[in-house]
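The values are calculated or read from the model by the stated rules, or taken from the named source; none is laboratory data. The structure presented is a predicted model; accordingly, all values stated were derived computationally and were not measured. Every residue, glycine as well, gets a Cβ built from its backbone with ideal geometry; the counts of neighbours run over all protein chains shown. Note: areas computed on protein heavy atoms with side chains; ligands, DNA, RNA excluded. Shrake-Rupley method; radii C 1.70, N 1.55, O 1.52, S 1.80 Å.
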Amino acid sequence: MKLKNFLLEKFHIKILGLLNYFLGIEFNKIEGGMVVHQRKFIKELLQTYDVQDTKFAHLPSQIKLLPIRD
C-alpha cells in the first residue's frame with residue numbers, strides 16, 4: 001500500500017487492478033505465488049508459421065523458481 005500511495009503522489013497514474021498481461025507476458029495469481037508465462041505469444045507465433053498442430057516436447061525446467069534477494 002505504501003508503494004501505491006507513493007506512486008499516486010508522484011505520478012498521474014490509474015490503478016487498474018491485478019496485473020494480468022504486460023509487454024507480452026501473462027501473469028496468473030495462484031495460491032502461494034504467481035505463474036508467469038507467454039502462452040498467448042507462443043500461440044500467435046505458431047499460428048504465424050502454420051505449425052500449431054505439430055507435436056511438442058517437454059523440456060526440463062526448474063520448478064518453484066524464486067527470486068534472489070540481495
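Please go through the stretch 18-62 and give me each residue that is part of a loop (DSSP other than H, G, I, E, B), without any contact (Cβ under 8 Å) to a residue 12 or more places away in the chain and under 30 Å from Met1 (Cα atoms), ordered by number.
Matches in the stretch 18-62: Leu18, Leu19, Asn20, Leu23, Glu31, Gly32.
Residue count for the stretch 25-62 satisfying the condition of being over 16 Å from the mean Cα position of the chain (by Cα) and β-branched (Val, Ile, Thr): 3. Could you look through the stretch 7-52, keep only residues that are at positive phi and not aliphatic (A, V, I, L, M), and pick out the one that is most open to solvent (accessible area, probe 1.4 Å)? Only one residue tops the list, namely Asp50.
Scanning the stretch 1-54 for residues that are closer than 25 Å to Pro67 by Cα and among the basic types (Lys, Arg) returns Lys2, Lys4, Lys29, Arg39, Lys40.
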